[in-house]
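Everything on this sheet refers to the single structure shown next.
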Amino acid sequence: MSRILTMARAGREALDWEMERRDEIFVLGEDVYNFGGIFGTADGFGAKYGPERVINTPISETGFIGMAAGAAMAGMHPVIDLAYIDFIGVCYNVLLNTASKTHYMSAGQVKVPMTLMIGTGGGYNNAAQHSQCLHATVAHIPGVKVVYPSNAYDAKGMMHSALRDPNFVIYLTHKGTAGVGWMGTPLKTTLSEVPEEPYTVPFGKIAITREGSDITLIGLGMSVHECLKAADELAKDGISAQVVDLRSLAPLDRDGIFAAVKKTGRMIVTDEDYLSYGVSGEVIASVVERDPTVLRAAPVRICTPDIPIPFARSMEQAILPLAAKIADAARKMVK
Amino acid sequence: MPLSPELRRNMYRQMVRSRAFDDAMIGLYWVGKTPIFAFANGPLPGELHCSNGAEPVGAGVCAALDADDMITADHRPHHVAIARGVDLNAMTAELLGKKTGLSQGKGGHMHIYDTRVNFASSGIIAEGMGPAAGMALARRLQKRPGVALTFLGDGAANQGAFHEVLNLVGVMKLPFIAVVQDNEWGVSTSKKESTAVARNSDRASAYGMAGEYVDSNDADDIYLAAERALARARSGGGGTILELRTARLAGHFMGDQQAYIPEQMKQIDPNPLYRAKLIREGVLSEAEAAAIDAAATAEVAEAMRLAQEAPYPDPSEAFDHVFAGADA
Ligand SMILES: Cc1ncc(C[n+]2csc(CCOP(=O)(O)OP(=O)(O)O)c2C)c(N)n1
Ligand SMILES: [Mg+2]
């Protein structure tokens, strides 16, 4: 049996299934007990699993994420809710120097299986400290797996994969894609038919979200949905756009990216993270390092520029990598 | 300064100005957000953390400050900003994301800056700690009298920055006050559940500084305690953790249903209590109090009118002010 779910409900189902069967999994984070975390991924878990396995933490990110790493080293599998990625500054050292590197530094003696769930992104006027994507800032660290589902089917499958992974996995969800009450009506393209039974979606494989032959639009998180909107627009002009969802940043499916771009010979990479030193450059490098001759036009990036996110709607909407910009760039490239 | 009638009337005035501001913002916040709620919708988008119930903190502490003192505040900054004298018209416009706002629409409600009155705020919890200690250090190096204060919540007192900075302040005997606003909650997590000691002010002994707890949410008591802490800071006596029991009457942010708050933890509105007290003690007549209330409402209505008429920033302005210098 399957039904249509939001990403938040789909992720929750996977976490619930694994928690029912595996005592080593527990959830911790701010407000997880009453609110079930920022997206309700642990909604109702307080009542179901009790305060020992659903731990409401103080606002002490360095402390409780470090604690999670230690619990993981001692045989547990913590699932942490860090709400917004803007808060990683407070606990970055645990990510950067402990959770990511301990397995390597101990030559595999010590494992750190933990799943860190974080919400990303803006577009809802929450200004410079609550709207960032910063996924490149975590994907840059060796020893961390970073996954970024953008629809409900992947949200569930990647949650199962994360919870069965013996490594530190950062599981990102763009706030605008999760399908939660405070972001308004769920975005249609994030909803999917989700089987009730458990299943995994492997890390390190792109998804071709829409077939097309003239140009390849590549996105991740929210920008996948902007690419899909742009592809709809382009179809009206007779341009057939293929849409690629990266889904996983580390590992990155360089073969899949190359094959998808080779098919059309044109690429636009879209990313709500800052333009420079980020995913977009990395994706382009995956193609041109291998064979620049597959490209019929110079690659184009539609990303958030290198500026803090402004509060006012008039400015924020103008800097986001929205569908209109993507479609404009595609028309120019295909012409 | 003694607790004069004039000073108390002024504290009451700041409390009602702040409340009028928040009530007006709450009214506007819901425009465009029903029946479907979304942070992004309406003329006042984003998260909104209102100060209803915490007005005595802003009024009481700020009444004791001098012009040279510096403030950092948190995600719930309105009551402190207003009592400190942040430009109300420009602050209103900022919340609406207008060109005439304090930060020309770049900051929004969690990021209130007004250098005229040495006020700054940050939406990252306890992030005001380090900068306030640095401001205290700057004032010392500049041989100026100013004291630095950071306003933060009871929840923020469990953040690493809180403890690291208190130790620095203790070691350096900086003119610094951590104003911990104990409203018993950090979002849906109670202080009891998150904090190992009943009072953060007790933690002062670990950092070689003074700690004081004020249990009343009464502007007079808060003012007097702030005066003690400021006198200590100005005379080289070092820092203080000044913890103030206060209230959070409008939820964590707009949209918070507060179903997690049990009946016996419902909080009392301090503003009518202070009003009644001043009338009872002959500091204000009923007519004078009513006039203060009406003036605050009118002032905020005018600020709101100006803000609503003001233009939005041009999209191209998003690129201004990334750096200081010739092109900023
Ligand atoms: C580093 C960091 N972690 C988490 C948050 C999310 N957050 C915003 S306000 C808040 C609660 C703060 O509680 P408290 O300090 O008591 O202030 P109050 O809201 O009660 O005024 C939390 C957890 C944040 N902004 N920054
Ligand atoms: Mg609080």
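Read through the list (1) more than 14 Å from chain A (Cβ to nearest Cβ); (2) buried (at least 24 other Cβ atoms within 10 Å of the Cβ), then give the number of the only condition that B:Thr115 fails.
With (1) more than 14 Å from chain A (Cβ to nearest Cβ); (2) buried (at least 24 other Cβ atoms within 10 Å of the Cβ) applied to B:Thr115, the lone miss is (2).
Scan the stretch A:35-57 for residues that are in contact (Cβ under 8 Å) with a residue 40 or more places away in the chain and in contact with a strand residue (DSSP E or B) (Cβ under 9 Å, 6 or more places away or on another chain) and jot them down.
A:Gly37, A:Ile38, A:Phe39, A:Thr41, listed by residue number.
Would you please name the residue that is surrounded by the fewest Cβ atoms within 10 Å (Cβ to Cβ), looking only at residues in the stretch A:186-203 that are farther than 22 Å from A:Leu228 by Cβ and within 15 Å of the chain's Cα centre (by Cα)?
The qualifying residue surrounded by the fewest Cβ atoms within 10 Å (Cβ to Cβ) is A:Pro202.
Report whether or not A:Ala162 is small (Gly, Ala, Ser), away from every other protein chain (no Cβ under 14 Å), more than 19 Å from the chain's Cα centre (by Cα) and surrounded by 24 or more Cβ atoms within 10 Å (Cβ to Cβ).
It is false that A:Ala162 is small (Gly, Ala, Ser), away from every other protein chain (no Cβ under 14 Å), more than 19 Å from the chain's Cα centre (by Cα) and surrounded by 24 or more Cβ atoms within 10 Å (Cβ to Cβ).
Listed here are the residues, each with its yes/no results for (1) away from every other protein chain (no Cβ under 12 Å); (2) under 20 Å from A:Asp154 (Cα atoms).
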| residue | (1), (2) |
| --- | --- |
| A:Arg3 | yes, yes |
| A:Gly11 | yes, yes |
| A:Ile25 | yes, no |
| A:Asp43 | yes, yes |
| A:Ala71 | yes, no |
| A:Met76 | yes, no |
| A:Val90 | no, no |
| A:Met105 | yes, no |
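Mind listing whichever residues of the stretch B:148-168 are among the aliphatic types (A, V, I, L, M) and within 9 Å of ligand 1 (Cβ to nearest atom)?
B:Leu152, B:Ala156, B:Ala157, B:Ala161, listed by residue number.
For the stretch B:166-201, enumerate the residues that are over 22 Å from B:His79 (Cα atoms), in a loop (DSSP other than H, G, I, E, B) and among the charged types (D, E, K, R).
B:Lys173, B:Arg199
Pull out all pairs, ordered by first then second residue, where Cβ-Cβ is under 7 Å, the residues are six or more apart or on different chains, the first lies in the stretch A:160-175 and is free of Cβ contacts under 8 Å to residues at least 40 places away in the same chain and on the phi > 0 side of the Ramachandran plot, and the second is of a type in the set (Lys, Arg) and surrounded by 22 or more Cβ atoms within 10 Å (Cβ to Cβ).
none
Can you tell me which of B:Ala133, B:Ala204, B:Ala156, B:Ala138 is part of a helix (DSSP H, G or I), more than 16 Å from ligand 2 (Cβ to nearest atom) and in contact with a Gly (Cβ under 8 Å, 6 or more places away or on another chain)?
Within the list B:Ala133, B:Ala204, B:Ala156, B:Ala138, the selection yields B:Ala204.
For A:Asp31, which of the numbered conditions (1) more than 16 Å from ligand 2 (Cβ to nearest atom); (2) within 14 Å of chain B (Cβ to nearest Cβ); (3) not aliphatic (A, V, I, L, M) fails to hold?
Only one criterion is unmet by A:Asp31, namely (1).
With the structure loaded, tell me whether B:Asp74 is under 24 Å from B:Thr246 (Cβ atoms), touching a residue at least 60 places away in the same chain (Cβ under 8 Å) and charged (D, E, K, R) or whether it fails that test.
Yes; evaluated as a whole, the condition is true for this residue.
Cβ-Cβ below 8 Å, separation at least six or inter-chain, first residue in the stretch A:22-34 and aromatic (Phe, Trp, Tyr), second within 16 Å of ligand 2 (Cβ to nearest atom): which pairs?
As it stands, the answer is A:Tyr33/A:Asn56; A:Tyr33/B:Ser188; A:Tyr33/B:Thr189, since those pairs meet every condition given.
When only residues in the stretch B:141-153 that are within 27 Å of A:Phe87 (Cβ to Cβ) and either of a type in the set (Gly, Ala, Ser) or more than 14 Å from chain A (Cβ to nearest Cβ) (or both) count, which is nearest to ligand 2 (Cβ to nearest atom)?
The residue in question is B:Gly153.
So, restricting to helices (runs of 4 or more DSSP H) that lie completely within the stretch B:209-326, which ones have at least 1 residues that are within 14 Å of chain A (Cβ to nearest Cβ) and buried (at least 21 other Cβ atoms within 10 Å of the Cβ)?
B:286-309
Go through (1) farther than 24 Å from B:Ala63 by Cα; (2) surrounded by 24 or more Cβ atoms within 10 Å (Cβ to Cβ); (3) within 16 Å of ligand 2 (Cβ to nearest atom) one by one and return the number of the condition B:Val180 breaks.
Tallying (1) farther than 24 Å from B:Ala63 by Cα; (2) surrounded by 24 or more Cβ atoms within 10 Å (Cβ to Cβ); (3) within 16 Å of ligand 2 (Cβ to nearest atom), B:Val180 fails exactly one: (1).
Any idea which residue in the stretch B:155-171 is nearest to B:Ala136 (Cα to Cα), counting only those that are more than 14 Å from chain A (Cβ to nearest Cβ) and in contact with a helix residue (DSSP H, G or I) (Cβ under 7 Å, 6 or more places away or on another chain)?
B:Val169
(1) out of contact with any strand residue (DSSP E or B) (no Cβ under 8 Å at 6 or more places or on another chain); (2) farther than 23 Å from A:Ala69 by Cα: which one isn't true of A:His140, the others all being true?
All conditions are met except number (2).
Under 8 Å between Cβ atoms, at least 6 apart or on separate chains: pull out the pairs that start in the stretch A:244-261 with a residue that is farther than 16 Å from A:Thr173 by Cβ and end on any residue that is at pLDDT below 95 and part of a strand (DSSP E or B).
none
In the set A:Lys205, A:Lys156, which member is in contact with a strand residue (DSSP E or B) (Cβ under 8 Å, 6 or more places away or on another chain) and touching a residue at least 60 places away in the same chain (Cβ under 8 Å)?
A:Lys156
Need at least 1 residues that are within 14 Å of another protein chain (Cβ to nearest Cβ) per element, so show me which helices (runs of 4 or more DSSP H) inside the stretch A:243-335 make the cut, counting only ones lying wholly within it.
Where helices (runs of 4 or more DSSP H) fall fully within the stretch A:243-335 and carry at least 1 residues being within 14 Å of another protein chain (Cβ to nearest Cβ), they are A:313-319, A:323-334.
The values are calculated or read from the model by the stated rules, or taken from the named source; none is laboratory data. Computed from a predicted model, the values in this text were never measured in an experiment. Ideal geometry is used to build each Cβ from the backbone, glycine not excepted, and the neighbour counts take in all protein chains shown.
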